[in-house]
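In what follows, a single structure is set out as structure tokens and then discussed.
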Amino acid sequence: MLSFRKIPASGAVMRRIRGFTLVEMMIVLVILGVILTVALPGFRNLTLAIRLSNYANEMVAAVYLARAEAIKRNTNVTLCATADSVACATSGGWAQGWIIMDPNDVVIQGQPALESGFSLVETGSGAQTLTFDSSGYVNASSTFKLCRLVPSVGHQERQIALTASGRASVSRTDLGVCP
């Protein structure tokens with residue numbers, strides 16, 4: 001048998017389905033604003049740490065590739081700063097990019113310039129060129145400093161140390177001085 005329910009008055013139905021009140025919406029927006037205020041600086045620091053780690057890892061990978069190519073080819077291989085991805089630069093820092101070249105000036109691999117606001121400088125001798133010999137040794141041990149220039153200097157930095165044997169290591173520093 002069919003049963004019919006009585007439909008409530010239109011005011012009762014409207015009260016149940018009308019949604020959020022203005023006060024409830026304002027409370028949600030205030031809570032969301034507080035959460036974003038607390039979380040946004042942490043997110044910004046996280047993205048900075050990821051960028052710095054990526055750049056440091058790319059530099060270490062370039063060192064190891066240059067070293068491996070020198071051993072594999074049984075000849076000298078050069079890792080140098082470059083402005084044009086074709087030839088080694090005589091001025092400027094490593095932040096403008098770097099390339100790996102064989103003795104015939106053939107580019108094996110290149111790295112484009114770092115994002116604006118980041119600095120990568122060889123702080124030991126200021127060398128623009130590292131040459132790996134056929135046994136994997138580099139012409140000079142070097143220390144690189146990777147940091148951000150803006151918006152505030154020195155919150156997070158990376159130091160890349162390269163030994164004379166061609167071994168590279170990365171450490172995190174917070175010295176607050178960015179060359």
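Projecting the Cα atoms of THR82, GLN159, ALA140 onto the dipole axis of region 50-179, where Lys and Arg carry +1 and Asp and Glu carry -1 at the beta carbon, places GLN159 farthest toward the positive end. Counted residue by residue at 0.36 nm each, then reduced by the alpha carbon distance between them, the extension gain from ALA83 to ASN54 reaches 8.4 nm. Once the Cβ-Cβ distance of ASP174 and SER134 is raised to the sixth power relative to R0 = 30 Å, the FRET efficiency obtained is 0.15.
Ordered from largest to smallest accessible area (heavy atoms of protein chains, 1.4 Å probe), the residues ARG167, ARG51 come out as ARG167, ARG51.
The dipole here belongs to region 8-121: it is taken about the Cα centre, uses +1 on the Cβ of Lys and Arg and -1 on the Cβ of Asp and Glu, and is about 740 debye. Relative contact order (percent) for region 22-118, with alpha-carbon contacts under 8 angstrom and 6 or more residues of separation? Contact order relative to length: 17 percent.
The values are calculated or read from the model by the stated rules, or taken from the named source; none is laboratory data. Treat the numbers as computed from the prediction; the structure is a model and nothing was measured. Using ideal geometry, Cβ is built from the backbone for each residue, glycine included, and neighbour counts are taken over all protein chains shown. Accessible surface areas use protein heavy atoms only, side chains included; no ligands, DNA or RNA. Shrake-Rupley method; radii C 1.70, N 1.55, O 1.52, S 1.80 Å.
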